[in-house]
Amino acid sequence: MTRLRVPSTPGLRRRQVLQLGGVLGLTALAGCTRGASAPLLQAAPEILPALWRRRLPRPWRFEPLELTGGSGVAPWRLDRSADLLALSDGWLPTTTDADFQPIAAAPLQARLAGQARRYLELLGAERASRVLPVAVTPWVMLFRGLDGLDGASERGWQLLLDPDFKGQVVLPASPRLVMELADQIPGAESLARLRSAALTLDDQQGLNWLLQGKARVAVLPLQRCIQALRRDPRLRAVLPDSGAPLHWTLLMRPASSREPLPQAWVEDAWGTPLLRPLLGRGWRPPLAEELLDAQRDAVPASFRALVLPKAAVWARCWSLSPLKTAAAEQLSQRWRDAAP
């Protein structure tokens with residue numbers, strides 16, 4: 001806190017000077033207190049575009065949330081000082097309904113369309129009332145080198161089993177997600193074959209594995225690939241015609257927060273003029289398709305079909321539903337049985 005200096009003025013008596021200093025000191029202290037208690041938004045790495053994050057209204061402040069692991073496989077501890085969290089849907093299984101309070105943003109929730117509404121139905125009414133989807137992106141295959149990619153979209157996820165890529169595939173660090181991909185690959189023992197093709201399970205560092213030449217293909221959320229696709233002509237992203245799992249960006253209010261959601265800030269990202277540059281960076285809000293289609297020219301032509309794919313392809317994409325205990329145990333056993 002800045003030290004206050006009261007000027008020595010002949011017209012002021014000593015008692016007046018002391019009183020004035022006390023008042024100014026209390027004012028400054030109150031200002032420091034307000035600064036320390038400003039509402040806090042914390043977000044997982046790479047989950048919020050900087051362009052939008054920088055427009056967070058005052059007195060809100062932002063801090064990154066340090067998480068370990070990839071798509072929700074490692075434990076994390078809820079920061080009780082946060083008033084708002086931005087996380088991917090992969091972290092929801094590590095939380096309970098008691099960790100959060102209703103999002104209380106009816107005007108925003110009313111604007112959700114299509115895939116977002118289906119996703120909230122999967123969550124169930126209790127959990128759906130506690131999350132606000134603000135963006136969605138498909139998981140895609142990101143390739144380094146263009147050889148052998150003819151008809152890649154039609155071949156779909158089975159392309160991961162191409163002999164040319166064996167031992168050079170980076171899969172998500174989520175067994176659940178890997179099993180979802182395996183279910184899209186025809187043939188027996190698809191999960192065991194997919195795991196045998198993998199170099200590692202590490203979506204957080206998947207792009208680095210590619211750029212360093214240690215892998216040929218990585219399965220990543222499209223939103224995380226866009227900047228690399230802009231910069232590096234060796235890279236190509238493939239969204240299968242058969243669809244892909246969806247990666248959601250969610251806002252949640254911790255149970256300890258007394259701050260309402262800054263709805264105008266979300267509206268800012270969902271409307272002009274901010275919507276266009278965000279779309280151009282691969283950040284797709286969960287709004288009506290016709291609204292987004294009207295902004296197609298904001299997305300570079302080279303990856304327009306990825307950010308805003310054909311309606312039929314987008315309809316084939318799917319969200320991961322919550323698992324009940326028995327189903328989770330069955331998947332855990334299936335994972336163990338398919339170990340390479």
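A few notes on this one:
- Selection from the stretch 125-174 of residues that are of a type in the set (Gly, Ala, Ser) and either part of a strand (DSSP E or B) or at positive phi (or both): Ala135, Gly145, Gly148, Gly151, Gly156, Gly167
- From the options Leu246, Leu207, Leu261, residue that is within 22 Å of Asp162 (Cβ to Cβ) and not basic (Lys, Arg): Leu207
- The set of residues in the stretch 99-113 being of a type outside the set (Gly, Ala, Ser) and more than 13 Å from Ala288 (Cα to Cα) consists of Asp99, Phe100, Gln101, Pro102, Ile103, Pro107.
- Scanning the stretch 132-154 for residues being open to solvent by 30 Å² or more (accessible area, probe 1.4 Å), of a type outside the set (Ser, Thr, Tyr) and touching a residue at least 60 places away in the same chain (Cβ under 8 Å) gives a total of 3.
- Qualifying residue in the stretch 128-150 (condition: closer than 18 Å to Ala312 by Cβ and touching an Asp or Glu at 6+ places or on another chain (Cβ under 6 Å)): no
- Qualifying positions in the stretch 269-304 - basic (Lys, Arg) and either open to solvent by less than 60 Å² (accessible area, probe 1.4 Å) or in contact with a strand residue (DSSP E or B) (Cβ under 6 Å, 6 or more places away or on another chain) (or both): Arg284
- Within the stretch 116-143, tally of residues that are more than 23 Å from Ser242 (Cβ to Cβ) and over 18 Å from the mean Cα position of the chain (by Cα): 4
The values are calculated or read from the model by the stated rules, or taken from the named source; none is laboratory data. These numbers were taken from a predicted model, which means no experiment stands behind them. Positions of Cβ are backbone-derived with ideal geometry, glycine not excepted, and every protein chain shown enters the neighbour counts. We work out accessible area using only protein heavy atoms, side chains counted, and drop any ligands, DNA or RNA first. Shrake-Rupley method; radii C 1.70, N 1.55, O 1.52, S 1.80 Å.
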